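Read the figures in this text as sums done on the coordinates, not as results from a lab. Being a predicted model, the structure only gives us computed values, none of them experimental. Note that each Cβ is placed from the backbone with ideal geometry, even for glycine, and that neighbours are counted across all protein chains shown.
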Amino acid sequence: MATSQSGGRKHTNSTRHIGATDNVKGRAGRILAKSADNGTYETAKEQETAVLVSVPPRRQSEAQTQEYLDELAFLIETAGATATKRFVQRLEKPDIRTYVGEGKLAEIKAYVQHEGSSMVVFDDDLSPSQLRNLEAELLVKIVDRSLLILDIFALRAKSATSRTQVELAQYQYLLPRLTGLWTHLDKQRGGVGMKGPGETEIETDRRIVRDRIAFLKEKLEDLDKQSHTQRKSRGGLVRVALVGYTNVGKSTLMNVLGKADVFAENKLFATVDATTRKVVLDNNPFLLSDTVGFIRKLPTKLIESFKSTLDEIREADLLLHVVDISHPGFEEQIQVVNDTLADIGAADKPVLLVFNKIDQYKPDEAEKDPFGEVHESEDEESAAPRPPLEQLQATYMAKLHDPVVFVSAQQRTNLEELRELLAKRVAALHQQRYPYQTAAE
């Protein structure tokens, strides 16, 4: 960690997790426990427990609110902790001081103190003042959605480029939140003999962070040049990129189509580093890239930092938009991906929609009374029933002009249909881009 010096006094920055207070432990890690019988030390995993907090809009349905909290709990699980309790408060807008109202805050504090929870996680981004006020009131680690996603990316990043991208996003997140995050900042004293020359500690820390951000940006520029050179060397081949919401099965599909060994796991953001493989279908060679998944409320700084990784999408000739059809909110996930593609300037790319995980899709069964009549729900907030897969397939094929494919990458279902369609699209794109070159060359 960096050190700072003010008035001749040397201080070392705390190594605690961003947003944590000094009287609580950081992220789940190894702890030493002294045995009473033989005086030896044992290592053990400390499982962190998290309390989830959401302030949804009043018009948002209860089902959608719980779905978003399920996703937040999945993020917590991916980061290595366990969600134990959920608190929901409907307000016109979050409280400017503590995000939730005074009564709800007192309720959360009572639960945290009684259960000994190690952190409180919010499903939105907190302002620096909200972060400080909540820490002072709850006396536990406060984590907002952006910090949680950044933490997962830090765990998943393996390559030099992705680690640099994540570190840059972390420092950009940290910069406006420096005040109150480090212990030594609270030990500044005024009065006679205490006004040393030069910068105050907060100014020194800000300068250190800004210098680090500038260094990481320069490093990323060099890495981007290397990546651009690599992409230029792939000339003469059509490029296809897998895109989609996180945990929809992109990496599994990549392994099946490209015979690759990309890490695939039933957790969010299993893939952070872009992977490219050469694939040949019906004598049509092309490059297939697996990219990082998107998610609702993806931190803007993270998108900016992952520019070189997202260039795989920007420079692709065809996008395979993979959708988890078994997820209740798959249509909203499609919209999130489309919005993110628009944000990065890739909305005009040709897209092949691939509905994955058909083996896990379960339609809703209509309830019947004793006389055999079907009753529809009169609750306006209740979600529409999920139709049979065949009906959904016919609906999307009629709605969209381009063909869609329904597959199960894990069970290898309908993959031949996907391969045939993909080979035709690649051959057409190759003929369009390289009219004087045969695909097999």
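Using the C-alpha atoms of region 72-116, what convex hull volume per residue, in cubic angstrom, is computed?
Expressed per residue, the convex hull around the Cα atoms of region 72-116 is 96 Å³.
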Could you give me the ³J(HN,Hα) list for region 417-428, computed from phi with Karplus coefficients 6.51, -1.76, 1.60 and θ = phi - 60°, whole Hz, x at Gly and Pro? 4, 5, 4, 5, 5, 5, 5, 5, 5, 5, 4, 5
Between LYS93 and ARG207, the two model label points (7 Å from Cα along the beta-carbon direction) sit apart by a distance in nm of 3.7
Could you list the residues of region 312-334 with an amide nitrogen less than 15 Å from a label point located 7 Å from the Cα of THR413 in the Cα-to-C-beta direction? 323-327
In terms of modelled amide H atoms, which long-range or inter-chain residues lie less than 5 Å from the amide H of SER159? none
For VAL351, other-chain or 5+-apart residues with amide H closer than 5 Å (H placed, Pro excluded) are LEU319
Square roots of 5 times each gyration tensor eigenvalue, C-alpha, region 49-160, largest first, Å: 22, 17, 14
